[in-house]
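The values are calculated or read from the model by the stated rules, or taken from the named source; none is laboratory data. These numbers come from a predicted model, not from an experiment. Glycine also receives a Cβ, built like all others from the backbone with ideal geometry; neighbour counts cover every protein chain displayed. The protein model used for the area step is the full one, side chains on, heavy atoms only, and it has no ligands, DNA or RNA in it. Shrake-Rupley method; radii C 1.70, N 1.55, O 1.52, S 1.80 Å.
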Amino acid sequence: MGDPFLKIDNLSKVYGETHALSDIFLFLHAGELLVVLGPTGAGKTTLLRIIAGLEVPDAGRVVVEGMDMTHCLPAERDVALVFQNFSLYPNKTVRQNLEFPLRAPGRNLSKTEIANRISDTANLLRIAPLLDRPATHLSGGEMQRVAIGRAIVRQPRLFLFDEPLTNLDAKLREVLRVELIRLQRDLGTPMIYVTHDRVEALSMGDRIAVLSEGKILQIGSPEDIYQRPNSPVVARQLGYPPINLIEVHKRADQWFTASNHGIVAADRNAPQRATLGIRPENIFPHGGEIPATIEAVENLGASTILLGTWADRPIHILITGETQWHPGDVIYPSVDPNRVVVWERRNEE
Amino acid sequence: MVSPHRATHKRETPMPFLELQNLQKTYPDGTRAVRGIDLAVDEGEFIVLLGPSGCGKTTTLRMIAGLEDPTDGQIVLGNRNVTHLPPSQRDVGFVFQFYALYPHMTAKKNIAFPLENIGTSPSDIDATIDRVARALGIEALLDQYPRQLSGGDQQRVSLARAMVRTPDVYLMDEPLGTLDAEHRLELRAFIRRQQLALSTTAIYVTHDQEEAMSLADRMVVMEGGKIKQTGSPPEIYNHPADLFVANFVGSPGMNLIDGQIVQHEDGLAFTRLGANVHIPIHLRVAPPRAILGIRPEFIRPANRGVPGKVVLGEYLGSHAYVHVDTPLGELVMHAPDRFAIGESIHLRLDEGRVCLFDPDTGMALARSAGMKDVKLYGRSISQN
Amino acid sequence: MRGWRWLVIVPYFLLATLPLCWLFLTSLKTQEAAISSTASLIPTTDENIAPGGLKFSATGDAYRKLATPHTGKAHAFFHYLFNSVIIGLLSALASVVLGTGCAYGFSRFRIAGTRDWLFFIFSTRFLPPLAVVVPVLMMYRLFDLPNTHLGLILLYTAFNLSLAVWLMKGFIDEIPRAYEEAALVDGYSPFQAFYKIILPHSATGMAVTAVFCLISAWNEYGFALALNNAEAVTVPVYFAGLQGNIQGIPWPQIAAGVLIFVVPIAVFTVLVRKHLLRGVTFGTIKQ
């Protein structure tokens, strides 16, 4: 693949006592969309701000297209950043907001060039009718579209998006998410997209980097991370409903829970004590021996979530389509042993 | 905890427990937030008001609570006209989106606060807190101060505080708004269990259609200050009343295709000009133009059918939404896995699950048997 | 409800504006009418009215006389008004410029001991300024600053700067940091981001701060008296100096001068009162 477009090399940042980022290594290939996923306080935003040049790292390098940019001013980096909270300058119209980055010194764009870029961007994002409105007279979705417009109108070499959809309605998020995937692909500009939303991470990323407490826990394709998470912490951050995590020990090639229920076959080479990760869609409501009581049935239209108690512990089961189950029903779930993720447990807690 | 008088009260009066009659709210600046809402709620029902921001759902809820004064219309609660009564005289419990905890009180004190306020005996308070804490799994946190709790735990404690009282009606304004997906399911289950156990009437406001589908006995879909449709979640999901509901409910919403209805083979079929694709319609009469709606899960990959090319895949782990460019337009399909972009595939649309809408009014055309409405459109195509 | 409101507001308004009304009436009188022991309240254009009645004949003489130097004084009133305007405006301008720069630094950069610095700045207001009048006078003598405009401008700027820093910090804290960061990423230098984004957004705050500083310099008396006896005498000092004048105190002229001195500030304050209130709450409640 040649040299990566962006290389983050051994990056660390400390604020007082907190290690916001420790020893981060990351690549971003040309044209790639990398999602950085993590809970609040994981260091996602700090990482973006260092790449943008708004923070200086305590150690490590940011290399873009072979050039060390670690200590360059933001203006020299030619990256566009979409902030989570800031959307637009309230005292300017939509057009002035879009013009602002183009009028930056050193960009030296002609008047016609500026006008062309703005009309192209406005058409692309379907905000052309809004151009002369004050930024304060926009709905949440329109504002976010214009904010994204501010980023793409510049034609930068890298997009940095910091949870741009977090404060929007669910429906709007869903629509803009698909628009963003298309936009990034059509423009071909590499993008780092920071989010804590599990749906955004899986559906948008070419690759996902899972960040927790300033460290990268795993990097890989969405399939990789969803199906083969390297730790329970990673597993819990992806997928909806959340993964079932069950602590077990092995006896006679069966995994037994703490309540001594043998729930699924174990591999001969598996460790003695382990945590199992079972995705809700890999538990089937029949075919097993241990009874489970259904406590709630959530019919979501295309699929149904069953919440219940199985082997003395809560479980989530995901069924495609509608079901005939009701709260209070007893089912005998079974698990596909090939679809279970096993992590060895070394010391008792 | 169900008070006995309420049960008898219900038998005596055939009237609904809570009734909104032509409820309206116009703000002094001229914004018409709510433009005439009629809704009858039975006792013990769980109603979810669903809609995008600005649709008037929160204003409606606040008017029921007495936090806003209606411009017009009436609110009847348990046979009493409460339209202009202050909140304190309505016996409603309001659960806010951001329900801050008192920082100088332990979790337990926080939860006890609304009960002490109405003079509940200490033993009753302890019993109630025990029950609620167990249901929410926060027994171990009771003696901690808010600053010692994680965000999710704080939200659970605040929900507990909001729900220890047993008023006539719970009014909830996106109480799970900021919560992480991991805790949403359990808190949703808690709210539902709590409401069922106390058989308290509940009105819950959200913009999240999944929350609405999973919680509601009846959903009320709102837009532009008006009710678009009222019905049980499956009713609304499967038979949306108009294009707005079809798109808003479901994630992603229904595929909507603008096209014509023509005579094809033995009956009527939906097609699109220039597309050599016909989807049989189980209607005897229909207007010449229509919008066809079909949910992503009723489109499947098949060996033959509508040809198309994959343009986008949204991988979600347990399944994927695949966007396919077809002669009918772009269709979103619910598939077990994603396909390679650019791949040529064929789609089969489940004819039995198709909805039809009038392109001019956006309203749903009557389903299969309901011929009456369709005839209004005049020309019967089957006679051509 | 409305009626009750007026029942309170109208009498209070009359009471509060009574001194101004009295000043206005006095400014229209002759010296004799002004010092008469009976109150005459109704101005008329009739020139031949006997003193002692409710009516008096109005004259613009007091205003006309403001243009000529009064007995025993070197300059006319307008000279001293000009001093007040120059000193007030320049010191307000200096306070706002320095205060904004300083507040921006405290608001946006990590400065070691920010809280201590801010407290130190605030603490300069704890002492009544007049307590240091003697050392200030001695320092000024050393630098030849008494009797100069610059001396008072420096002094008022020094006193008002702490207020300006605190007010401006409140306003700048309110401007989201992302506003300038977006500009930085868009290709603007830090100074351009400050100039193009922060300045326009803090214009209200700067106007409010300027008004506070101007009022405080405008009305200051003690230092103006102690540091001057000739060149840079301001209006308050000039009027006070008319006491014991050999021709008696020229009340109509004082009234006319005071009106000219007070009314612009009063009208302006009423016009920007909303912003002033915002400024006050920023400075005192926030932080």
ask   = Within the range B:138-154, is even one residue open to solvent by less than 20 Å² (accessible area, probe 1.4 Å) and in contact with a His (Cβ under 8 Å, 6 or more places away or on another chain)?
value = yes
inquiry  = For the range A:160-172, which positions are within 12 Å of chain B (Cβ to nearest Cβ) and in contact (Cβ under 8 Å) with a residue 24 or more places away in the chain?
reply    = A:T166, A:N167, A:L168, A:D169, A:L172
query = Where residues in the range A:1-53 are part of a helix (DSSP H, G or I) and within 14 Å of chain C (Cβ to nearest Cβ), which of them is surrounded by the fewest Cβ atoms within 10 Å (Cβ to Cβ)?
reply = A:T45
query = Of the residues that sit in the range C:29-50 and are part of a helix (DSSP H, G or I) and of a type outside the set (S, T, N, Q), which one is most open to solvent (accessible area, probe 1.4 Å)?
reply = C:E32
remark   = Over the range A:98-121, the set of residues out of contact with any Gly (no Cβ under 8 Å at 6 or more places or on another chain), surrounded by 12 or more Cβ atoms within 10 Å (Cβ to Cβ) and assigned to a helix (DSSP H, G or I) is A:E99, A:F100, A:L102, A:E113, A:I114, A:A115, A:N116, A:R117, A:I118, A:S119, A:D120
ask   = Is it fair to say C:L225 is under 30 Å from C:V263 (Cα atoms), more than 10 Å from every other protein chain (Cβ to nearest Cβ) and open to solvent by less than 40 Å² (accessible area, probe 1.4 Å)?
value = no
note = When (1) closer than 30 Å to B:L20 by Cα; (2) within 12 Å of another protein chain (Cβ to nearest Cβ) are applied to B:T230, the one that fails is (2)
note = Looking across the range A:182-199 at residues that are closer than 16 Å to A:V82 by Cα and within 13 Å of the chain's Cα centre (by Cα), the single one that is nearest to the other protein chains (Cβ to nearest Cβ) is A:H196
query = Where in the range B:1-107 are the strands (runs of 3 or more DSSP E), entirely inside, with at least 2 residues that are modelled with pLDDT of 95 or more?
reply = B:18-26, B:32-41, B:46-50, B:72-77
ask   = Which fully enclosed helices (runs of 4 or more DSSP H) of the range A:186-292 have 3 or more residues being out of contact with any His (no Cβ under 7 Å at 6 or more places or on another chain) and without any contact (Cβ under 8 Å) to a residue 40 or more places away in the chain?
value = A:222-227, A:232-237
ask   = Residues of the range A:67-93 being touching a Gly at 6+ places or on another chain (Cβ under 9 Å), more than 7 Å from chain C (Cβ to nearest Cβ), within 15 Å of A:R157 (Cβ to Cβ) and not basic (K, R), which ones?
value = A:M69, A:C72, A:E76, A:D78
task = Report yes if some residue within the range C:201-216 is within 15 Å of C:A103 (Cα to Cα), open to solvent by less than 20 Å² (accessible area, probe 1.4 Å), hydroxyl-bearing (S, T, Y) and more than 14 Å from chain A (Cβ to nearest Cβ); otherwise report no.
result = yes
ask   = Quick one: how many residues across the range B:37-78 are more than 14 Å from chain A (Cβ to nearest Cβ) and either out of contact with any strand residue (DSSP E or B) (no Cβ under 9 Å at 6 or more places or on another chain) or among the basic types (K, R) (or both)?
value = 1
